[in-house]
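The values are calculated or read from the model by the stated rules, or taken from the named source; none is laboratory data. Treat the numbers as computed from the prediction; the structure is a model and nothing was measured. Neighbour counts run over all protein chains shown; Cβ positions are idealised from the backbone, glycine included. These accessible areas exclude ligands, DNA and RNA; they are computed on the full protein's heavy atoms, side chains included. Shrake-Rupley method; radii C 1.70, N 1.55, O 1.52, S 1.80 Å.
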Amino acid sequence: MPPAVQLLAFAFALAMAYLSYVGFRRRHFGLGGFVFWEIIWAGLVVVSLAPGLFQPLARTFRVARLLDLVVVVGMLVLGAVTYQNYVTVQRLRRQVERLVRDLALAEVPEASKTPRAES
Amino acid sequence: MPYLIAIVIPAYHEAPRLRGVLTAIPWLLPEVGERRVIVVDDGSTDATAAVARQAGAIVVRHRVNLGAGAALRTGTEAALKLGADIVVHMDADGQHPPEDLPRLIDTLLRGADAVTGVRAFHRPMPWLFIFGNRFLSRVTRALFGIANPDTQCAYRAFWAWAWPSICWESTDYAFASEMLVRAKRHGIQWDTIPIRTIYLDHYKGTGIGDGVRIFRKLVSWRLGA
Ligand SMILES: Nc1nc2c(ncn2[C@@H]2O[C@H](COP(=O)(O)OP(=O)(O)OP(=O)(O)O)[C@@H](O)[C@H]2O)c(=O)[nH]1
Ligand SMILES: [Mg+2]
């Protein structure tokens, strides 16, 4: 019987792999994003089922246990995702602002090019 | 030469106060031939737009709320589209005394490129705002050599030709600082005049978070971002 963390990681990876598939089907992201995330989750599945496989890897990275490595890599992934979110949100903000402003200004009549009559 | 003046008023849920503000704007202004009032309804869900229209203002409407900086930018662009020579910014919540408007215009006519009001940093202003406004103005002076003692005051007037040297990106309250920084870099002569200080609301708009964000932006502009 594998330890609880392993089961947890396995279940989590399966759930995320499924969610990524759904996200891809709903076109929330493209094929590239789908492959990227599925590789991540597949990797997690392998690690959770056969942690021994990666023990030498853990040693070369000078981390005591494999799960520590997973945590460290997880932090890196989180950082990357946060960055990606930030970029996307900034872009959306700009686009919304532009759209809302253009809609507002479209109703304002342009001043005639001829100089105004002096009163 | 009589000028076309556009008074731009950003308004977010200001239905209760807006009518009073609009009716108090003086008709007689120095050297002004024509006066347009533009209210930017920044995605309000109350009667702000209706009140403005009823009072005879031109209403420009943001479909969703973008923030005070964005609202004033849209309003200013609308003013230029209407052919304004002079643009005035005035808040919708009654904090900017309409009787000071002729003196703002007068300062432009005397040779300033732009002018803002300076509020008194005592009694009616809550102590937290006194501290915040002082602090931001001092930081602005230290970082950019801008001598304006009240950088956050949003009661201002400028010549339309100066717009390209002033135009800001900030959609939040930081726009007031941003325009001063940009103007300074373009050599715009920005004067100040004292105005009456009015505080009506129990804190509504700005807070400590805004002050911190403005400070952060000031530092990043100094660093060249
Ligand atoms: N709070 C807020 N005001 C907005 C917004 N868009 C436009 N405004 C208008 O911008 C003007 C200034 O807003 P205030 O929140 O009063 O800002 P302030 O006067 O600098 O700060 P206070 O001292 O808290 O009143 C008002 O006329 C608002 O109606 C927005 O998204 N939020
Ligand atoms: Mg106010």
**Message:** I'd like to check something: does region A:107-117 contain any residue that is open to solvent by 100 Å² or more (accessible area, probe 1.4 Å) and of a type in the set (A, V, I, L, M, F, W, C)?
**Reply:** no
**Message:** Looking at the structure I just gave you, is B:Asp172 within 14 Å of chain A (Cβ to nearest Cβ) and either touching a Pro at 6+ places or on another chain (Cβ under 7 Å) or within 16 Å of ligand 2 (Cβ to nearest atom) (or both)?
**Reply:** yes
**Message:** So B:Pro102 ticks every box in (1) touching a helix residue (DSSP H, G or I) at 6+ places or on another chain (Cβ under 8 Å); (2) more than 10 Å from ligand 1 (Cβ to nearest atom) but one. Which box is left unticked?
**Reply:** (1)
**Message:** Here are the criteria: (1) within 14 Å of another protein chain (Cβ to nearest Cβ); (2) over 18 Å from B:Ala24 (Cα atoms). Tell me which single one B:Arg53 does not satisfy.
**Reply:** (2)
**Fill in**
Result of the Cβ filter at 8 Å on region B:1-16, keeping first residues that are under 21 Å from B:Glu99 (Cβ atoms) and within 14 Å of chain A (Cβ to nearest Cβ) and partners that are of a type in the set (S, T, N, Q) and within 16 Å of ligand 2 (Cβ to nearest atom), at least 6 apart or interchain, is B:Ala11/B:Ser44; B:Ala11/B:Thr48
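Check B:Asp46, B:Asp93 and return the single one that is surrounded by 17 or more Cβ atoms within 10 Å (Cβ to Cβ), touching a residue at least 24 places away in the same chain (Cβ under 8 Å) and part of a loop (DSSP other than H, G, I, E, B).
Only one candidate qualifies: B:Asp93.
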**Message:** Checking B:Gly207 against (1) within 19 Å of B:Gly69 (Cβ to Cβ); (2) open to solvent by 40 Å² or more (accessible area, probe 1.4 Å): exactly one of these is not met. Which one?
**Reply:** (2)
**Request:** Determine which member of the set A:Val96, A:Val81, A:Val89 is out of contact with any strand residue (DSSP E or B) (no Cβ under 9 Å at 6 or more places or on another chain), exposed (fewer than 12 other Cβ atoms within 10 Å of the Cβ), within 14 Å of chain B (Cβ to nearest Cβ) and of a type in the set (A, V, I, L, M, F, W, C).
**Result:** A:Val89
